[in-house]
1. Test each condition in (1) over 22 Å from the mean Cα position of the chain (by Cα); (2) under 24 Å from GLY428 (Cα atoms) for ARG353 and report the one that comes out false.
2. Any idea which residue in segment 402-424 is surrounded by the fewest Cβ atoms within 10 Å (Cβ to Cβ), counting only those that are under 16 Å from VAL458 (Cα atoms) and polar (S, T, N, Q)?
3. Could you grab me the full set of residues in segment 481-501 that are more than 20 Å from ARG6 (Cβ to Cβ) and without any contact (Cβ under 8 Å) to a residue 60 or more places away in the chain?
4. Of the conditions (1) buried (at least 21 other Cβ atoms within 10 Å of the Cβ); (2) farther than 30 Å from ARG352 by Cβ; (3) within 20 Å of the chain's Cα centre (by Cα), GLY490 satisfies every one except a single condition; which number is it?
5. State all residues of segment 16-36 that are in a helix (DSSP H, G or I), without any contact (Cβ under 8 Å) to a residue 40 or more places away in the chain and within 15 Å of ARG50 (Cβ to Cβ); if no residue qualifies, say none.
6. So which of ASP476, ASP519 is assigned to a helix (DSSP H, G or I) and in contact with a Ser or Thr (Cβ under 9 Å, 6 or more places away or on another chain)?
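The values are calculated or read from the model by the stated rules, or taken from the named source; none is laboratory data. Quick caveat: nothing in here was measured; it's all calculated off a predicted structure. Please note: Cβ atoms are built from the backbone with ideal geometry, for glycine as well, and neighbour counts cover all protein chains shown.
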Amino acid sequence: MPRKPRSLKEEMDRLTAELRERGATWPEIAAEYRRRYRLNSRQAFREAHRHTQERVVEEWKRLWPSEPFSVRKLGSWEAWPALTGNEPPLAGLNRLARIYRCRAGDLIDGEDHTGGDQNTPAVRARNVPTLHLTANLKFSDIKGLLANEPLHQPMPPGEQREREFEQLVHAFTAWAAQMNRRDALALIGAAATSAYASPLLDRFDGDEPRRVALAAADPSRVDDATIGHIEAALRHCMRQEDALGPQALVATVLAQQSLVTSLLSSGVPEGARSKLLSLLADIRRCTAWMLFNLNDFKGADYYYSQARKAAHQAADDAMCSMVLANWSQLATWRGDPRLGVEHALGALAWSRRAGSKMLTAYACDVGARAYAAVVRRSAKGERREDHARCHRSMEQARRELHGAGQDDPGARLVHFYGEGQYLSTRTGCLLDTGDAAQALEVAAVAAAGIDPAFVRNVAYIRLKTAQAHLRLRHIDEACEQLGDAARLAGRNTSPRLVRSVVETREKLSPWQRTRSVTDLDERLHAARLTA
């Protein structure tokens, strides 16, 4: 059995040697480097040859001694189109192509617009295109995988669906064979989960809810115990989502939504109706939260609107507050912090009406995040008032949190919220308002106060700590914290969390060649989190 490589360098050396022995061309080896290590084309060809940047510069000077070239210039060409890079000229690409024994066009990661040409031949499933970067997957990539041959008619509907299913399975199997198995399954799983929960599929014909209800127990017998059982199952799903991520839980929550919707449409006792509506609002809120963590922001927005509607029908003030607070977080995350402020103010009003200090604290918490994001996006002269609002919201959140009793009517909805999570939000606000040093101090206390069962929350405080270190140019410490966040992202497989890890790593590009960043990249590569 071959010995496992001791380092990334040894792994790459072995890969190039094995592929050359099999007769692979340099473009084929570079394509494998792009796919496996998430490199751009210029980096991939250099690594495929196992050249350092210094070696490439030496070869350049040997071939063109009168043309000045440097490691710094090559590095900027390889970094492009990132902000730290410069676009390589065609003459430079031609020279690199000679060194790498490829075409100049092979060194460019350009866009493909051939799909706009009606005369472009359709790519059939048996000629599956090579997909190198799952992070850049486009619909046109998937479209080319599907069989283009029409099904023979006439054909019974059931047989036609089976044939279509077989074609789709064959296409995706052929595509996945070209990718790392874990990457392929994770990508398809996350996409399928989000599509399954899509509001486009949230449709019933006139008889379907009644058929579902008849298959369940007699709706007239629904009582508090029945509702409590469904609610307990929902709480369990949310706890599992906190630890493991949303992919495995969405289907279960949607099944609960289908059951509750069918019961409501089939005639339950009047005393149980408002409780079921409140439960339906909570289920839809949880669905929206899971879609948010799947990066399906449009789907999450839809389900939050449906959750608010059900909460109003149930006259549940506490649920109205919780839905709007979650909705505020979504709006701020999507880049619309003013809408986040609007939802947070609505959540604050409903929490006071519900008489819940815990919900009031959480509404102030998400409001502070929104105000901080407004500060980050505003011109300098417009920041002062929103900075003060952010500070006041944080202080009010602290007062309400510390003043809440054990019998608070909103405690079950914000079971995750406590001192640690409050301090995590405070850390983020300090980062947004430009105080990285104080953010670092608060983050240390926050990390110790968050329940480890909330894996994603722990990962995010690690990310914020890494960002604070990065602002202060503590590169070694930033890499250590980011590596811990990446490890946690391997447990809670939330695409939103993974995206946050990758985006934070991209900010370390200026220190690409340091030992700390190199070691971090090996940890990210092992966790399949390379950008």
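1. (2)
2. The first filter runs over segment 402-424 and keeps only residues under 16 Å from VAL458 (Cα atoms), leaving 415-424.
Cutting the leftovers down to polar (S, T, N, Q) gives us 421, 424.
Working: GLN421: 22, SER424: 24.
This residue is GLN421.
3. Within segment 481-501, the subset more than 20 Å from ARG6 (Cβ to Cβ) is 481-482, 484-501.
Hits for segment 481-501 are GLN481, LEU482, ASP484, ALA485, ALA486, ARG487, LEU488, ALA489, GLY490, VAL498, SER500, VAL501.
4. Result: GLY490 fails condition (1) only.
5. Step one: filter segment 16-36 for residues in a helix (DSSP H, G or I), giving 16-21, 26-36.
Of the ones still in play, those that are also without any contact (Cβ under 8 Å) to a residue 40 or more places away in the chain are 16-21, 28-29, 32-33.
THR16, ALA17, GLU18, LEU19, ARG20, GLU21, ILE29, GLU32, TYR33 - these are the residues of segment 16-36 that are in a helix (DSSP H, G or I), without any contact (Cβ under 8 Å) to a residue 40 or more places away in the chain and within 15 Å of ARG50 (Cβ to Cβ).
6. Values: ASP519 fails: in contact with a Ser or Thr (Cβ under 9 Å, 6 or more places away or on another chain).
Selected residue: ASP476, the only one of ASP476, ASP519 that is assigned to a helix (DSSP H, G or I) and in contact with a Ser or Thr (Cβ under 9 Å, 6 or more places away or on another chain).
A quick yes/no check of all residues on (1) free of Cβ contacts under 8 Å to residues at least 24 places away in the same chain; (2) assigned to a helix (DSSP H, G or I):
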position: GLN247; (1), (2): no, no
position: ALA255; (1), (2): yes, yes
position: THR261; (1), (2): no, yes
position: SER274; (1), (2): no, yes
position: ARG285; (1), (2): no, yes
position: TRP289; (1), (2): no, yes
position: ALA300; (1), (2): no, yes
position: TYR303; (1), (2): no, yes
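Yes/no per residue for (1) surrounded by 19 or more Cβ atoms within 10 Å (Cβ to Cβ); (2) of a type outside the set (A, V, I, L, M, F, W, C):
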site	(1), (2)
ARG14	no, yes
ILE29	yes, no
ARG35	yes, yes
LEU39	yes, no
ARG46	yes, yes
THR52	no, yes
TRP64	no, no
